[in-house]
Amino acid sequence: MLTVFGTVALDTTRTPFHTVERTLGGTATFASIAASNYLPTSIVGIVGNDFPATYMEILKNLLDIRGLSISKTEKTFHYDSSFGYDLYKRTTNKTELNVIANYQYTVPNEFVDSEYVYLANNDPVQNLNLLNQFSNPKLVVCDTMDFWILNKRDDVIKMINRVDGIILNESEARLLFKENSILKCARLLVSNGPSFALINKGENGSLLFYENEFHPIPGYPTETIKDPTGAGDSFGGAFMGHLCTQGEMDLKSLKNAMIHGNIMGSFAIEDYGIQRLINIGNKDIKQRHEKYKEILSL
């Protein structure tokens, strides 16, 4: 089983073309839904008393939600952001932590023996506390973001020391180490403990650093781009989900997992929130995977 820990949110996303308010989002939401295409996935998180029943039903139909708590007194985490015409750079308008601010997460007994754990973008202190509750996972991968790097850098480093792999984007990698070179950042990431570091470069694909070698994978070309929200989390969930099905972690399995991560990220940006992710199936993934292989062939 794969257990995903992170935020379940109500997102407001504003673009020059459309605005969606309080739609289902959050790092754990995107990651776990993406991962569920590959293996049974459980989610650990918390929502508030304003969380719509329709959204809970979506999660229930796709995931094991026994680790999802509901607060009777507080509201759901809300993230409000805007994109410009290029739909690339995000501006944060408002972050309302609400129920996630001081919640002490507990791993349900049914999830304690999970073989695989994905720590989605979340407070690194909460991630570490949760990780300590698992018995002996085979593989742990984490994500992070600029907010935690700026406010809890030491804890981010502690978290990196405890995981087998880390996923982050190029601006976050530079911010973490105050370095301009992505390649040097990747080396520094691995020097802090993980077996591999994976740096996302948006539409330019992703870069894997593993066993002292760099391996770039181009992004999947997508014509329809509506909402970049959750693309990185969808990448992480699909990457983790596919990797977990391979039985071992080697260069081939990591690169194949990157391809699936890029595929799921390309689906995510084609509609607002999770709408595209919940409307695809194995056939869609297979078709895009076949096309991807054609693109990568010389």
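Filter the stretch 126-143 down to the residues that are among the polar types (S, T, N, Q) and surrounded by fewer than 22 Cβ atoms within 10 Å (Cβ to Cβ), then identify the one that is nearest to Gly45 (Cα to Cα). Explain how you work it out, then say what you get.
Initially, the stretch 126-143 is screened for residues among the polar types (S, T, N, Q), giving 126-127, 129, 132-133, 135-136.
Checking which are surrounded by fewer than 22 Cβ atoms within 10 Å (Cβ to Cβ) leaves us with 126, 129, 132-133, 135-136.
Working: Gln126: 11, Asn129: 13, Asn132: 16, Gln133: 14, Ser135: 19, Asn136: 20 Å.
Here the answer is Gln126.
Report every pair of residues separated by at least 6 positions or lying on different chains whose Cβ atoms are under 6 Å apart, first residue within the stretch 168-195 and in contact (Cβ under 8 Å) with a residue 60 or more places away in the chain, second open to solvent by less than 50 Å² (accessible area, probe 1.4 Å).
Pairs found: Asn169/Asn200.
Return yes or no: is Ser81 within 16 Å of the chain's Cα centre (by Cα), polar (S, T, N, Q) and open to solvent by less than 10 Å² (accessible area, probe 1.4 Å)? I'd like the intermediate steps shown before the answer.
On the way: within 16 Å of the chain's Cα centre (by Cα): no; polar (S, T, N, Q): yes; open to solvent by less than 10 Å² (accessible area, probe 1.4 Å): yes.
The answer is no for Ser81.
Select from the stretch 242-256 the residues that are of a type in the set (A, V, I, L, M) and open to solvent by 20 Å² or more (accessible area, probe 1.4 Å) and list them in ascending order. Spell out the reasoning first.
Quick first cut of the stretch 242-256, residues of a type in the set (A, V, I, L, M) only: 243, 249, 251, 254.
Those that are of a type in the set (A, V, I, L, M) and open to solvent by 20 Å² or more (accessible area, probe 1.4 Å): Met249, Leu251.
Only one of these is outside any helix (DSSP H, G or I), in contact with a helix residue (DSSP H, G or I) (Cβ under 8 Å, 6 or more places away or on another chain), open to solvent by less than 20 Å² (accessible area, probe 1.4 Å) and not aromatic (Phe, Trp, Tyr): Leu168, Leu189. Name it. Break it down stepwise before answering.
On the way: Leu189 fails: outside any helix (DSSP H, G or I).
That would be Leu168, the only listed residue that is outside any helix (DSSP H, G or I), in contact with a helix residue (DSSP H, G or I) (Cβ under 8 Å, 6 or more places away or on another chain), open to solvent by less than 20 Å² (accessible area, probe 1.4 Å) and not aromatic (Phe, Trp, Tyr).
Need pairs with beta-carbon distance below 9 Å; first residue in contact (Cβ under 8 Å) with a residue 60 or more places away in the chain and among the acidic types (Asp, Glu) and within the stretch 1-25, second open to solvent by 20 Å² or more (accessible area, probe 1.4 Å) and in a strand (DSSP E or B); sequence gap 6+ or separate chains.
These pairs meet every condition: Asp11/Val20; Asp11/Glu21; Asp11/Arg22; Asp11/Thr23; Asp11/Tyr79.
Listed residues Asn136, Asn129; which is assigned to a helix (DSSP H, G or I) and out of contact with any Leu (no Cβ under 9 Å at 6 or more places or on another chain)? Please lay out each step first, then the result.
Values: Asn136 fails: assigned to a helix (DSSP H, G or I).
The unique qualifying residue is Asn129.
Could you grab me the full set of residues in the stretch 203-219 that are in contact with a Phe, Trp or Tyr (Cβ under 9 Å, 6 or more places away or on another chain) and surrounded by 20 or more Cβ atoms within 10 Å (Cβ to Cβ)?
Ser206, Leu207, Leu208, Phe209, Tyr210
Could you list, in sequence order, all residues of the stretch 142-165 that are under 23 Å from Gly241 (Cα atoms), in contact with a helix residue (DSSP H, G or I) (Cβ under 9 Å, 6 or more places away or on another chain) and not β-branched (Val, Ile, Thr)?
If the condition is that a residue be under 23 Å from Gly241 (Cα atoms), in contact with a helix residue (DSSP H, G or I) (Cβ under 9 Å, 6 or more places away or on another chain) and not β-branched (Val, Ile, Thr), then Cys142, Asp143, Met145, Met159, Arg162, Gly165 are the ones that fit.
Which residues, counting only those in the stretch 275-298, are among the aliphatic types (A, V, I, L, M) and under 14 Å from Ala238 (Cα atoms)?
Going through the stretch 275-298, the residues among the aliphatic types (A, V, I, L, M) turn out to be 277-278, 280, 285, 295-296, 298.
The answer is Leu277, Ile278, Ile280, Ile285.
The values are calculated or read from the model by the stated rules, or taken from the named source; none is laboratory data. What you see is a predicted model; the values in this text were computed from it and never measured. As a convention, Cβ positions derive from the backbone with ideal geometry for all residues, glycine included, and neighbour counts pool all protein chains shown. Accessible surface is based on the protein model in full, side chains and every heavy atom, while ligands, DNA and RNA are left aside. Shrake-Rupley method; radii C 1.70, N 1.55, O 1.52, S 1.80 Å.
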